[in-house]
Amino acid sequence: MHILLVGAGLSGAVIGRKLAEAGHTCRIIDARDHIGGNCYTERDAESGVMVHVYGPHIFHTDDEEVWRYVNDFTQFMPYQNRVKSTTQGAVYSLPVNLLTINQFFDKTMNPAEAKDFIADQADTSITDPQTFEEQALRFVGRDLYEAFFKGYTEKQWGCSPTELPASILKRLPVRFNYDDNYFFHKFQGMPREGYTPMIEAILDHPNITVELSTLFTPDMAANADHIFWSGALDGYFDYRLGRLGYRTLDFERFTYDGDYQGCAVMNYGDRDVPFTRITEHKHFAPWENHEGSVCYREFSRSAEPEDIPYYPIRLVEEKALLEEYISLAEETPAVTFVGRLGTYRYLDMDVTIREALDTADMFLGTVEQGGMMPAFVKSPR
């Protein structure tokens, strides 16, 4: 079959590779002038630092099959994300752990004492937290909430934490030991030469052609037996019902002769600091040595039509519009919507790859049985 995949990021590359290996002809197009989507990496010509052009991407997963998959296409090096936060005039370790708690409250508590202490800080009058703020106050108390979560969240999401669902905070752990590894996952690492060569290797198959700087046009559908769309869900329908809401990021790039901050990620929790964090990219590759440094200050804001969308907002208004677009998609034959933009969900890289593999498997099974491929393998609801 002739398959058109719109988007040369992880979703398009992984689906395309699996279908190509099964004998299908895959044409992959991308509006940008490079592959890899937001995972795109390139070396800075002056310093030699590997730069995550659209912000840092750290690979972490408990999915052993996905871990084996990415390692088939590149060499991953050990890497653990250890985040720091500057707030209220001091630097702390994140996620909130025993060191953070003891330093912040000027204590020397052991794990059991810290658990009891934080339990006393918590607002137990909140029995069923509905908002981000209620969850934080119930979980860690007002002092830690205001130092590490409130200002950062207001900057990241552009609204009060009282307007955000409690589920957002449930992803942020508090640890009563000195473990400052940001992620819990069994497999964690960074590709030795960045993500771009990995995606190039995935795309390297005789049944795959890649066309960059190429916009999708409706007439392309006439030459395809099926389309996998990893662009914006509302974009496929030319935004006819309105635009789904996204947050985008602006990066203020600067260089430094030496080590600027001593770590890869420094959050800024104070509301009066306009950026959310500074990332220093050479620290994402600790096996390399560079005198010079490339850093990004990150600013979050609402995405305009010309911006790159990063985080789906998914609040009440967006969810209502999303339902309408889901209905449109389900009425559209021979198109499957995939990935972060296609399903309007925030996805880590490992989940994106897992869903892409599952989508390709479903497609191959559907073709073999003569069935119809659904609009969504993983529902955006």
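Readers should treat all values here as calculations from the given coordinates under stated rules, not as data from a laboratory. Fair warning: this is a prediction, and the values are worked out from it, not measured in the lab. We place every Cβ from the backbone using ideal geometry, glycine too, and count neighbours over all the protein chains shown.
For the residue pairs Lys84/Lys107; Lys18/Lys319; Lys155/Lys282; Lys150/Lys282; Lys115/Lys155, the C-alpha atoms sit more than 23 angstrom apart in Lys18/Lys319; Lys155/Lys282; Lys150/Lys282; Lys115/Lys155. Ordering Tyr246, Val6, Gly16 by the projection of their Cα atoms onto the charge dipole of the chain, which places +1 on the Cβ of Lys and Arg and -1 on the Cβ of Asp and Glu, puts Tyr246 at the extreme positive end.
Classify segment 248-357 from the C-alpha gyration tensor, please: rounded if a/c falls under 1.5, else prolate or oblate depending on whether a/b exceeds b/c. Since a/c reaches 1.5 and a/b is larger than b/c, the shape of segment 248-357 is classed as prolate.
Got a sec? Charge dipole of the chain, +1 on Cβ for Lys and Arg, -1 for Asp and Glu; which of Trp67, Ile126, Tyr344 is way out at the positive end? Sorting the options by dipole projection puts first Ile126. Histogrammed with a bin width of 5 Å, the alpha carbon distances of segment 1-58 distribute as 4, 19, 21, 18, 14, 11, 8, 4, 1, 0 percent, first bin at zero.
Does segment 147-304 come out rounded, prolate or oblate by the C-alpha gyration tensor, with a ≥ b ≥ c the root eigenvalues, rounded set by a/c under 1.5 and, if not, prolate when a/b is larger than b/c and oblate if not? Kindly include the intermediate steps, with their values, before the conclusion.
Working: a/c = 1.93, a/b = 1.31, b/c = 1.47.
The shape class here is oblate.
Place the peptides 125-133, 211-219 in order of packing, highest mean first, counting for every residue the other Cβ atoms within 10 Å and averaging per peptide. Can you show the working numbers first?
Working: 125-133: 15.1, 211-219: 11.2.
For the peptides 125-133, 211-219, the packing ranking is 125-133, 211-219.
Among His24, His34, a tally of other beta-carbon atoms within 10 Å of each Cβ gives an order, fewest to most, of His34, His24.
Considering segment 94-171 at the alpha-carbon level, its Rg and Dmax are found to be 12.7, 37 Å. So what is log10(I(q)/I(0)) for the chain at q = 0.06 1/Å, when the Debye sum runs over its Cα atoms only? The calculated log intensity ratios at q = 0.06 Å⁻¹ are -0.26.
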